[in-house]
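Take a look at the structure set out below.
The values are calculated or read from the model by the stated rules, or taken from the named source; none is laboratory data. Worth saying up front: this structure is predicted, and the values here are computed from it rather than measured. A quick note on method: Cβ atoms are made from the backbone with ideal geometry, for glycine too, and the neighbour counts reach across all protein chains shown. With ligands, DNA and RNA removed, areas are computed over all heavy atoms of the protein, side chains included. Shrake-Rupley method; radii C 1.70, N 1.55, O 1.52, S 1.80 Å.
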Amino acid sequence: MIINPKNQTYQENYKLLIGSIVPRPIAFVSTISKNDVPNIAPFSFFNGVCSNPPTIAFAPVRRSTDAQPKDTLINIRDTKEFVINIPSEPLVERMVETAPEFAPDINEFDVAGLTQVSSQLITPPRLKEAKISFECTLNQIIEIGDGTAGSGFLVLGTIVLFHIDDDLYENGRISLEKLQPMGRLAGNYYSRVNDIFEVVRKIKPE
Ligand SMILES: Cc1cc2nc3c(=O)[nH]c(=O)nc-3n(C[C@H](O)[C@H](O)[C@H](O)COP(=O)(O)O)c2cc1C
């Protein structure tokens, strides 16, 4: 089957993206508004970019209801700072509770019974329950598309501080077993990382 995205709705194209790019890591992003209201929401269009400087990217798309930017994007545009919290499996229900379209004056930490703690180098709070959090400053926001629903933004951020639970940290590496990361699949489905295999890679050809 060959599909030209121009012949489909953005919702149909979205389904192909989220069914094909799997499993996706999840960033649980905390920000603060210019009126000092904290915000937290999950984003699975998320990945690392490079490590010098350590850089991440995630994509808050425009709201499907009114094509307006999401509160997370507005807050980052206003304050130039955010925290990427990595959610572990025991957090999944509370994470999903933060995802409806709450008004900008609603603090989703409170809605979902999550705990905010002060960051050290930036103003937005981090999530106490997360075993890993990255304090980030904004590198740049790239706008994608024509401003209608389904179009969005790519946010690039520089990690200025890593918070890693001592329990997971083993000689500079992260224990996967203790992190219990989740992958997002299509719809309401998630995956665990519990079927791992190794393939040794050579740096140079023989
Ligand atoms: C697991 C999960 C992953 C999500 N990933 C994204 C994403 O990558 N991009 C996006 O725009 N919305 C994503 N959403 C939806 C947002 O979390 C949702 O629109 C939220 O209300 C945004 O909050 P805000 O307006 O406070 O920024 C995701 C939701 C869930 C539950």
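Across segment 24-181, C-alpha contacts under 8 Å between residues 6 or more apart give a mean separation that, scaled by the residue count, equals a relative contact order of 26 percent.
Taking the protein heavy atoms of the chain in the context of the full set of protein chains, the accessible area attributed to carbon and sulfur is 52 percent at 1.4 Å.
In order along segment 119-128, the Karplus-derived 3J(HN,Hα) couplings, from 6.51 cos²θ - 1.76 cosθ + 1.60 at θ = phi - 60°, round to 7, 9, 10, 10, 7, x, x, 9, 8, 4 Hz, and Gly and Pro are given as x.
Between PHE102 and ILE164, the FRET efficiency estimated from the beta carbon spacing at R0 = 25 angstrom works out to 0.30. Along Cα→Cβ, 7 Å out, is where each label goes; now give me the distance between the ones at ASN4 and GLU89 in nm to one decimal. Result for the modelled spin labels: 4.5 nm.
Is any residue of segment 120-153 close enough, with backbone N under 18 Å, to a label point placed 7 angstrom from the Cα of LYS80 along the Cα-Cβ axis, and if so, which? Under cut-off, by backbone N: 120-125, 135-143. In terms of packing, defined here as the mean over residues of other Cβ atoms within 10 angstrom, the peptides 25-36, 167-178, 137-148 line up highest first as 25-36, 137-148, 167-178. Simple spin-label estimate for LEU176 and ASN52 gives 2.7 nm between the two label positions (7 Å along the Cα-to-Cβ direction from each Cα). The sum of -39500 (n - 2.57) across all DSSP H runs of n ≥ 4, divided by the residue count of the chain, sets its helix-only mean residue ellipticity at 222 nm to -4000 deg cm²/dmol.
Normalised by 2.2 N^0.38 Å, where N counts its residues, the alpha-carbon radius of gyration of the chain equals 1.06.
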